[in-house]
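Worksheet: one structure, shown below.
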Ligand code: UD1
């Protein structure tokens, strides 16, 4: 049984000695949010006993972290930090400080971070500060929208990562164009597809999930909204919820709602619009995928949902002005941009059957499977090179 440490507000309070001391080859895997749990589970499995999991606490509700962690098969974190609910700068600062202290006390061969969250950046800065080899999973994505905190996070992490694991050649080309040398880039594929392979429930379970909400395949809309740009501007949030409420006259709209979105909508007096939707608590990955696989139309501002909807061949309206996954603009999804949500959502619903028929026969723009093992292998190759040098 591995020992566990608890780190709070930049201060390390070890619950015992470090996990197996500071054995060479150990890898600190940093995760803070629900999508990181999903996309790192395969990497942790591929690393086996060498993986030491740190949870920054960015997502802290049971439905947002603990139940997700269990469902995707991540072990209990051996390092815990509590940054949840604080300002972005405080989240990054607190987690960077705590992870730095942990790495000083328990040197690791490498640090693995994923994606573009505040936790991703904190893990990267701590690795950089302690001279630990840094691996960035899902490198090279760009929305070119500097107003998104995620864009700043991912650009900064790619600048300092020793190994940028790009999901696709396109992402690798973007890194090269920004001056990242080839030796720091590996095209590994997308770990989300490993997760989808593991988590997508069988047809019976999917049918049971639809029964639970009284909806039929292709006959409902699945919506999520959580981005700062949508949630923190009451006018924008009202417009989106009006669009969804209008759609609800055509078909049931299932809306598993992020805690921040629910609080913001209520604060803005938008409860009457919420009342016209099927409001659900945040769903587990398996529950969400069961619904997503059968949704007539998906409406979301999430990054991961863009990839899932593509994999599941479901039409998607992205509630944003830009995407860091431009390959999906070739017919897989549609950006809302600054258009009127009511018009765009209604038109998308009317065209959804034809859109689904088109998606059914397309070649997927992503390679499938095996990304987690490739990432572990690339990491090992880097560690060997360091050992020989
Ligand atoms: C974060 C990521 C985003 C990712 C998303 C997945 C950043 C900048 N953004 O956004 O890229 O797509 O996770 O969900 O890192 N809250 C709770 N309970 C929780 C978690 C959050 O109530 O378990 C509330 C808190 O009030 C918090 C707010 O939601 O302040 C926002 O959470 P935060 O983690 O800062 O950002 P997300 O919107 O979840």
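Each value in this text was obtained by applying a stated rule to the coordinates, not by laboratory testing. Predicted, not measured: the structure shown is a model, and the values here were computed from it. We place every Cβ from the backbone using ideal geometry, glycine too, and count neighbours over all the protein chains shown.
Laid out as a table, the results:
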read-out	value
FRET efficiency, residue 321 to residue 202 (Cβ-Cβ, R0 51 Å, nearest 0.05)	0.85
In Å, descending, principal axis extents of the Cα set of the chain	62, 42, 41
q = 0.23 Å⁻¹: log10 I(q)/I(0) that the Debye formula gives for the stretch 47-101, counting C-alpha atoms only	-0.94
Where labels lie 7 Å past Cα in the beta-carbon direction, separation of residue 183 and residue 105 in nm	3.5
For the stretch 166-266: rounded, prolate or oblate by the Cα gyration tensor [a/c cutoff 1.5]	oblate
Principal-axis tilt of helix 303-312 within the chain, Cα atoms, nearest 10 degrees	70
Pairwise centroid distance, computed over Cα atoms, of the stretch 42-77 with the stretch 159-178, Å	25
Cα-based helix-to-principal-axis angle, 371-388 vs the chain, degrees rounded to 10	20
Taking the stretch 200-360 and dividing mean pair separation by its residue count, relative contact order in percent (alpha carbons under 8 Å, at least six apart)	26
Acute angle (nearest 10 degrees) that the helix 341-350 long axis makes with the longest principal axis of the chain, alpha-carbon atoms	80
Protection proxy ranking of 381-389, 88-96, 60-68, 144-152 - average other beta-carbon atoms within 10 Å, highest first	88-96, 60-68, 144-152, 381-389
Over the stretch 200-360: Kirkwood hydrodynamic radius from C-alpha pairwise inverse distances, Å	15.5
Spread of Cα-to-Cα distances over 5 Å intervals beginning at zero, given as percent, for the stretch 87-223	2, 10, 16, 16, 14, 12, 10, 8, 7, 4, 1
Projected label distance in nm at residue 364 and residue 66, using a 7 Å step from Cα toward the beta-carbon	3.3
Cα gyration tensor, the stretch 291-360 - rounded (a/c under 1.5), prolate or oblate	oblate
Zone of residue 147's modelled label, taken as backbone nitrogen in the stretch 235-254 under 13 Å from a point 7 Å along Cα→Cβ	235-237
Modelled FRET efficiency - R0 30 Å, residue 347 with residue 267, Cβ distances, 0.05 increments	0.50
Nitroxide proxy distance, nm - points 7 Å out along Cα→Cβ at residue 249 and residue 329	3.2
